[in-house]
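Participant: One structure follows; several queries about it will come next.
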Amino acid sequence: MPDTPPFQPAPTAVLDKDLRGFLERHRDLVTVIGKPVSIEHVGALSAQSERPILFNNIIEKPGFRLCDILVKHRCLQARALGVPESDYLRTLALRLRQPPRGLVTVDAGPVKEVIRTGADVDWTALPVPIHSDQEKHPYITAMNIVRDPETGFYNSSHAGTTPLGPRHGVVSFATPHTHRIIAKYRRMGHRTMPIALAFGVHPAYEIMANFSGLHMDLWGEMDMVGTLMQMDIEMVPCETIPLTVPAHAEIVVEGTIDLDSAEAFEGVVGPTSYYLPKTQTLPRMDVSAITMRADRPIYRNHQSCPATDHQVLPRLCHEAMLYNRLTEMGIEVTDVRFPTWGAALSCILQFETPRPGYVNDALMASMGAPWLNTKMVVAISPDTNIDDPGDVYHAIATRCDPARDLFVVPATRGSLYDPSAEPLEGYFPFRLVGKIGIDATAKTRFGKSDYDRIYPRHWGKVRLEDYL
Ligand SMILES: [Mn+2]
């Protein structure tokens, strides 16, 4: 008999089909800004919010609303999946192990209430903010959809996109999977690749769209959204390209990537909050249609610095995949976290050590992950508060003997966004860096009770605010 029964997530409340339904259902968490706000100030204001924020009155863009900060914290991520916070990670991990539900094509949907094609198309009319004081151009962070020309699977990512005119711009494809799909189009003799940007979808779409890793020929991210949400995902055909798009999105931009183009472009705001890489060579995108809702469509922004959804969202499926890898070893995982304050370079593993030896294997499995986000991996015990950087630091300071409880691996794949990593001559923008694994778990070697944390008498029971 297994020690624990197989995990069954709590029955999911039927999720909302769209972003506006999600925002309405979770209005207890949403900060609604009714005062007039300049598009210039949207980024700095969004980044001060820990919760979903909705701007109803953008001075320069009266026809639109804008929202951000949908998944920054666990409590928000759990809302996106419709499960209690305590069930969130293992629910995501379980659903990623299930077969793709696929997509349902329908004839019509709210995203088709307004259709603009030809000379009526102008994507600079959308409320696209400039994200940092280093950038000269507005920066689109929407979910994009491309189709693998061999398998037909719908791949999604959030490639940063810069509008440079009413109907053209450049796209920074960061995920290796999209590069492979582009290579397939080229190999098959195509000069262009159809692409759609979907703005304002339920946040569960975005969690799935940010998957990156080992699914290559099993499915595309879009094919798994219904698996994650436990519902059919309705897609409508595009007006000008042979793709389907989420019928319940707020806004969709249709276009093509010019596969012969390579435009020099200045850098990007990396999730490390540095302006790296400083220069890029990017393909051109030509826009052929915009469709959207009629009633003040909600533009979804992902403010990219300093600590926002940008650090968190692309790492949520990583956490679930690491959960699965550690669980395969027989570890009962309490949590896996790429904390916002880890700059997308660090990961924290939290578990009770079954016996000596597990921690280093767990650290190695995570340090050797497919992505470039595990430069510094820290293992902690369940009594360390993973939400508190100070508590994690305390565990490193008190539970790790650097002479025996950490190890460094030289010369591994570095992040493009890590200024400490060595730029690789001839392989721009790739970099080389070492990795560190830190065992900051409670150990029993000098006496079990040595690691019991102590707190004041009545801690957590008496509250200062009751005496103010
Ligand atoms: Mn993919």
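Participant: Hey, any hits in the stretch 210-230 for a residue that's surrounded by fewer than 23 Cβ atoms within 10 Å (Cβ to Cβ), within 14 Å of the ligand (Cβ to nearest atom) and more than 25 Å from LEU92 (Cβ to Cβ)?
Facilitator: no
Participant: Can you tell which of THR374, THR398 is among the hydroxyl-bearing types (Ser, Thr, Tyr), exposed (fewer than 15 other Cβ atoms within 10 Å of the Cβ) and not in a strand (DSSP E or B)?
Facilitator: Details: THR374 fails: exposed (fewer than 15 other Cβ atoms within 10 Å of the Cβ).
Unique residue meeting the criteria: THR398.
Participant: Hey, LEU218 hits all of (1) farther than 24 Å from TYR417 by Cα; (2) in contact with a Ser or Thr (Cβ under 7 Å, 6 or more places away or on another chain); (3) at pLDDT below 95 but one; which does it fall short on?
Facilitator: Unmet for LEU218, out of (1) farther than 24 Å from TYR417 by Cα; (2) in contact with a Ser or Thr (Cβ under 7 Å, 6 or more places away or on another chain); (3) at pLDDT below 95: (2).
Participant: Can I ask one more? Please find, among LEU92, LEU96, LEU103, the residue that is over 20 Å from PRO194 (Cβ atoms), within 16 Å of the ligand (Cβ to nearest atom) and under 25 Å from the mean Cα position of the chain (by Cα).
Facilitator: Values: LEU92 fails: within 16 Å of the ligand (Cβ to nearest atom); LEU103 fails: over 20 Å from PRO194 (Cβ atoms).
When all the criteria are applied, what remains is LEU96.
Participant: For the stretch 143-173, name all the residues that are surrounded by 20 or more Cβ atoms within 10 Å (Cβ to Cβ), away from the ligand (no atom under 11 Å from the Cβ) and among the small types (Gly, Ala, Ser).
Facilitator: ALA159, GLY160, GLY169
Participant: Among the residues of the stretch 420-429, which ones are modelled with pLDDT of 95 or more, in a loop (DSSP other than H, G, I, E, B) and surrounded by 15 or more Cβ atoms within 10 Å (Cβ to Cβ)?
Facilitator: ALA421
Participant: Among the residues that make up the stretch 191-208, is at least one of them in a helix (DSSP H, G or I), within 14 Å of the chain's Cα centre (by Cα), hydrophobic (A, V, I, L, M, F, W, C) and within 16 Å of the ligand (Cβ to nearest atom)?
Facilitator: Looking only at the stretch 191-208, we keep the residues that are in a helix (DSSP H, G or I), and these are 203-208.
Imposing the further condition that a residue be within 14 Å of the chain's Cα centre (by Cα) reduces the set to 203-208.
Right, trim to hydrophobic (A, V, I, L, M, F, W, C) and you get 204, 207-208.
The next check asks that each one be within 16 Å of the ligand (Cβ to nearest atom); those that pass are 207-208.
Yes.
Participant: Cβ contacts < 8 Å: first residue within 30 Å of ALA93 (Cα to Cα), restricted to the stretch 53-81; second residue acidic (Asp, Glu) and in a loop (DSSP other than H, G, I, E, B), any location; separation 6+ or different chain. Result?
Facilitator: Hits for this filter: ILE69/GLU50; LYS72/GLU50; HIS73/GLU50; ARG74/ASP387.
Participant: Among the residues of the stretch 219-239, which ones are out of contact with any Lys or Arg (no Cβ under 6 Å at 6 or more places or on another chain) and under 23 Å from GLU150 (Cβ atoms)?
Facilitator: TRP219, GLY220, GLU221, MET222, ASP223, MET224, VAL225, ILE233, MET235, PRO237, CYS238
Participant: Among what's in the stretch 244-281 and is hydrophobic (A, V, I, L, M, F, W, C) and modelled with pLDDT under 95, pick the residue that is surrounded by the most Cβ atoms within 10 Å (Cβ to Cβ). Step through it out loud before you land on a result.
Facilitator: Residues of the stretch 244-281 that are hydrophobic (A, V, I, L, M, F, W, C), as a first pass: 245, 247, 249, 251-253, 257, 259, 262, 264-265, 268-269, 276.
Next cut, modelled with pLDDT under 95 only: 262, 264-265, 268-269, 276.
On the way: ALA262: 13, ALA264: 9, PHE265: 17, VAL268: 27, VAL269: 22, LEU276: 19.
Checking each candidate, the answer is VAL268.
Participant: Would you confirm whether any residue within the stretch 135-142 is within 16 Å of the ligand (Cβ to nearest atom), in contact with a helix residue (DSSP H, G or I) (Cβ under 9 Å, 6 or more places away or on another chain) and within 20 Å of PRO246 (Cβ to Cβ)?
Facilitator: no
Participant: Collect the residues in the stretch 449-464 that are in a loop (DSSP other than H, G, I, E, B) and charged (D, E, K, R), keeping them in residue-number order.
Facilitator: Here is the first cut: in the stretch 449-464, the ones in a loop (DSSP other than H, G, I, E, B) are 452-463.
Scanning the stretch 449-464 gives ASP452, ARG453, ARG457, LYS461, ARG463.
Participant: Among (1) over 19 Å from VAL377 (Cα atoms); (2) among the hydroxyl-bearing types (Ser, Thr, Tyr); (3) in contact with a strand residue (DSSP E or B) (Cβ under 8 Å, 6 or more places away or on another chain), which single condition is SER415 missing?
Facilitator: The number of the failed condition is (1).
Participant: Considering only the stretch 118-142, state which residues are outside any loop (DSSP other than H, G, I, E, B) and crowded, with 17+ Cβ neighbours inside 10 Å.
Facilitator: Filtering the stretch 118-142 for residues outside any loop (DSSP other than H, G, I, E, B) gives 118-120, 123-125, 140.
Answer for the stretch 118-142, where residues must be outside any loop (DSSP other than H, G, I, E, B) and crowded, with 17+ Cβ neighbours inside 10 Å: TRP123, ILE140.
The values are calculated or read from the model by the stated rules, or taken from the named source; none is laboratory data. Here the structure is a predicted model, which means the values were calculated and not measured. FYI the Cβ positions are ideal-geometry reconstructions off the backbone, even for glycines, and counts take in every protein chain you see.
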